[in-house]
Amino acid sequence: MGDNEQLDIAEIDRLNRKALSCLASNRAETNRLATLSMNAASRISYQRGIAHAQLNLLSVLFHSGEYDKSEAMCTPLPAMFKSLNDPEGGMTAAVCLGAIATRRGDFASSASHLESARQLASQIPDSLNKFSLYNRLGIDALSRGDISAGPRNFLLALDIAERFGTASHRVNMLSNLASCQHDLSNDEDAIPLLVEALEIIHNEHLFAQQPLVSGNLAMCLLATGKVAEALQVITPFFNVADMDIDDKAFIYSIGAHASILLKNLDRAKSLLDQAHEFALIGDNYEEQMHAWLVRGMLDMAAGRVRVALVSLNHARALLSYTRNPFYQQQIFKGLATIHARLGKWKNAYTYLEQYQGHVEVSNKSAHDSRLLMRHLESEMKTLKEERDIALEKHAAREAENQKLEVLNKELTHQIDHVNALQSSLQEQAIRDHLTGLYNRRHFETCLNAVLEESGGKFPVAVVILDLDFFKRVNDTYGHPFGDDVLIRFARLMESNLRGSDMLCRYGGEEFCMLLRDMNSDMATNKMTAIAESYRELVVERGGQTLTGFTFSAGIAEYPQHGLTRNELLMRADTALYCAKLAGRNRSMVATGD
Ligand SMILES: Nc1nc2c(ncn2[C@@H]2O[C@H](COP(=O)(O)OP(=O)(O)OP(=O)(O)O)[C@@H](O)[C@H]2O)c(=O)[nH]1
């Protein structure tokens, strides 16, 4: 697809949806698709397309740590989506603003953005856009220390991922659920979730997500004392250039932590220096705190007790950016140890007490979180079952409706068929099958109607025609030839009729006409003209040719020669009889009044 290609609205929408769906797994692709859709939407001034493209572009910026730029791009979007009457876009924009505020440690403003996102979400059906909402609500809840709302929202996001998302969305949520468990000191339950996520990553080749998930796994392994395993999991990612800056900071810190525990202090220092740098470049306070904590451990391991105190104090100052009990415990434990080494027993004791307090809270929360997780899982299971039943019922109703629609169509079709048949039968009932002209019965009905309509206000000429010596035609040339003559005569007569006139086959080789608003003179002239054409008619069949046909006609005029149909027909018939007697090939008008 070329950059200059003209795309229509539907194609731009599709491009934006696609850009959104690869946000979790391939940000470069999101960026490429969103740029394409932004250009195409701008070209045709499609505001909604522009706004959604902008949303995708700023999400990419957000994930690469460009918070100022992404915030500047996002700030006008909620109002824009509101004016476009697009709650889905408005919700996603509010989620982005919430995420940016969280990164800045501004939890109050984050909560207000997320609340408006939640309100907008209640107006729209479930879609992939809700994934980022639940994900963000989960992260926000954890940062507030709400251990119930965190996993609950992640499970909701996992459900959205399973219904509307890709494997990468699933991985994302398994990883978040695991982080929750880890934050609650429940690493035993976190590890299988991360192993499952890594399996999906492997099978679906979602390598962009591998560093973070592996980092999380390494963190849990560290927390459970499996240091060598932890290092093994993250080693492949050292020196990988194409990685998220946050992931780099995280992985290098864990690498440094593991190296300290394995007494490889040189390696630990080199990894930690890089971790620190990445955390600073990425403006990531939580990772900065993580790096200071590990630096404190390194200082201690190297015997630099006073320096370690400085490092841990730095880490402690940043503690408000996380509720992670692992960090809290490590920091207070470290501070207690340092103060003990420095002989500051009172301080050491205070930190020890704080450390113990955190351990107790964390043990309790690990226990609570296990229970909560089981409870949430069964709650979700019930909800899912209920939803599946509702969906099944809906599908059954739809199928029933479709069946009805098909039946309805069939019925309509049959009714049409019957109607067509009926009108064809009606036509057949009033038509002569050989010539296609009206039959005598229908003619007589119409004649009655015309006479009634006239009521003497305009004349009506009634003409009966009889082809001359027709028996001879049949006898000499055969009956089929005679049929052809009758048909050709019928067509010739029709071509001489006006819309208000009417012609019928009266019987055999006899025809009858009514000429509206014509007196007998006018009718006679008309018959003379038709007689001329009939004479010139050439009929050919089976190598035989015949021409020079004649007919005789009798004309009666309403109201002059009669007031009723029968009277007029009788007078015309008599005139016809006279024309035959007078030698045929002529038209005669009824005599007398
Ligand atoms: N081919 C054909 N002939 C028909 C049809 N209906 C009637 N006829 C023939 O029309 C002929 C009418 O003959 P006649 O009544 O003797 O009259 P004519 O031969 O036309 O003589 P005049 O009317 O006295 O001029 C008969 O031979 C009928 O068989 C038809 O549908 N097809």
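The values are calculated or read from the model by the stated rules, or taken from the named source; none is laboratory data. Small disclaimer: the values here were computed from a predicted structure and weren't measured. Cβ: placed from backbone, ideal geometry, glycine included. Neighbour counts: every protein chain shown.
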Legend entry - Sole exception among (1) part of a loop (DSSP other than H, G, I, E, B); (2) closer than 26 Å to Gln6 by Cβ for Gly65, by number: (2)
Inset, instruction - Being over 26 Å from Thr528 (Cα atoms) and within 16 Å of the ligand (Cβ to nearest atom) is the filter here, so list the residues in the stretch 425-477 that pass it. - result: Arg431, His433, Asp475, Thr476, Tyr477
Inset, instruction - Could you identify the single residue in Ser109, Ser70, Ser64, Ser21 that is within 24 Å of the chain's Cα centre (by Cα) and among the hydroxyl-bearing types (Ser, Thr, Tyr)? - result: Ser21
Legend entry - Number of positions in the stretch 84-120 that are more than 16 Å from Ile139 (Cα to Cα) and assigned to a loop (DSSP other than H, G, I, E, B): 3
Inset, instruction - Sort out which residues of the stretch 531-576 are polar (S, T, N, Q), within 14 Å of the ligand (Cβ to nearest atom) and crowded, with 17+ Cβ neighbours inside 10 Å, and write them in order of number. - result: Ser552
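Collect the residues in the stretch 69-91 that are under 25 Å from Met243 (Cα atoms) and either at pLDDT below 90 or in contact with a helix residue (DSSP H, G or I) (Cβ under 6 Å, 6 or more places away or on another chain) (or both), keeping them in residue-number order.
Residues of the stretch 69-91 under 25 Å from Met243 (Cα atoms): 69-74.
Once the filter is applied, which keeps residues that are under 25 Å from Met243 (Cα atoms) and either at pLDDT below 90 or in contact with a helix residue (DSSP H, G or I) (Cβ under 6 Å, 6 or more places away or on another chain) (or both), the stretch 69-91 yields Lys69, Ser70, Glu71, Met73, Cys74.
Look at Leu492 and say whether it is out of contact with any Ser or Thr (no Cβ under 9 Å at 6 or more places or on another chain), aliphatic (A, V, I, L, M), more than 16 Å from the ligand (Cβ to nearest atom) and touching a residue at least 24 places away in the same chain (Cβ under 8 Å). Show your work before the answer.
On the way: out of contact with any Ser or Thr (no Cβ under 9 Å at 6 or more places or on another chain): no; aliphatic (A, V, I, L, M): yes; more than 16 Å from the ligand (Cβ to nearest atom): yes; touching a residue at least 24 places away in the same chain (Cβ under 8 Å): yes.
When the stated conditions are applied, Leu492 does not pass them.
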Legend entry - Near pairs, Cβ below 7 angstrom, 6+ apart or cross-chain, from the stretch 506-532 (under 10 Å from Ala553 (Cβ atoms) and not assigned by TED's automatic domain parsing to the domain that holds Gly482) to any residue that is of a type outside the set (Lys, Arg) and within 16 Å of the ligand (Cβ to nearest atom): none
Inset, instruction - Please give the number of the condition Ala208 fails out of (1) buried (at least 23 other Cβ atoms within 10 Å of the Cβ); (2) closer than 20 Å to Phe250 by Cβ. - result: (1)
Legend entry - Scan of the stretch 45-101 for residues that are closer than 30 Å to Ala279 by Cα, in contact with a His (Cβ under 9 Å, 6 or more places away or on another chain) and not small (Gly, Ala, Ser), ordered by number: Thr92, Val95, Cys96, Leu97, Ile100
Inset, instruction - Select from the stretch 287-318 the residues that are touching a residue at least 40 places away in the same chain (Cβ under 8 Å), surrounded by fewer than 24 Cβ atoms within 10 Å (Cβ to Cβ) and not hydrophobic (A, V, I, L, M, F, W, C) and list them in ascending order. - result: none
Inset, instruction - Name the one entry in Ser59, Ser45 that is surrounded by fewer than 18 Cβ atoms within 10 Å (Cβ to Cβ), within 16 Å of Asn16 (Cα to Cα) and not assigned by TED's automatic domain parsing to the domain that holds Ile281. - result: Ser45
Inset, instruction - Take the stretch 240-272 and flag every residue that is among the charged types (D, E, K, R) and either outside the structural domain of Ala302 (by TED's automatic domain parsing) or touching a residue at least 60 places away in the same chain (Cβ under 8 Å) (or both). - result: Asp244, Asp246
Inset, instruction - Output the qualifying pairs, or none if there are none: Cβ atoms under 7 angstrom, residues six or more apart or on different chains, first residue in the stretch 10-29 and within 18 Å of Asp247 (Cβ to Cβ), second residue surrounded by fewer than 19 Cβ atoms within 10 Å (Cβ to Cβ) and acidic (Asp, Glu). - result: Cys22/Glu29
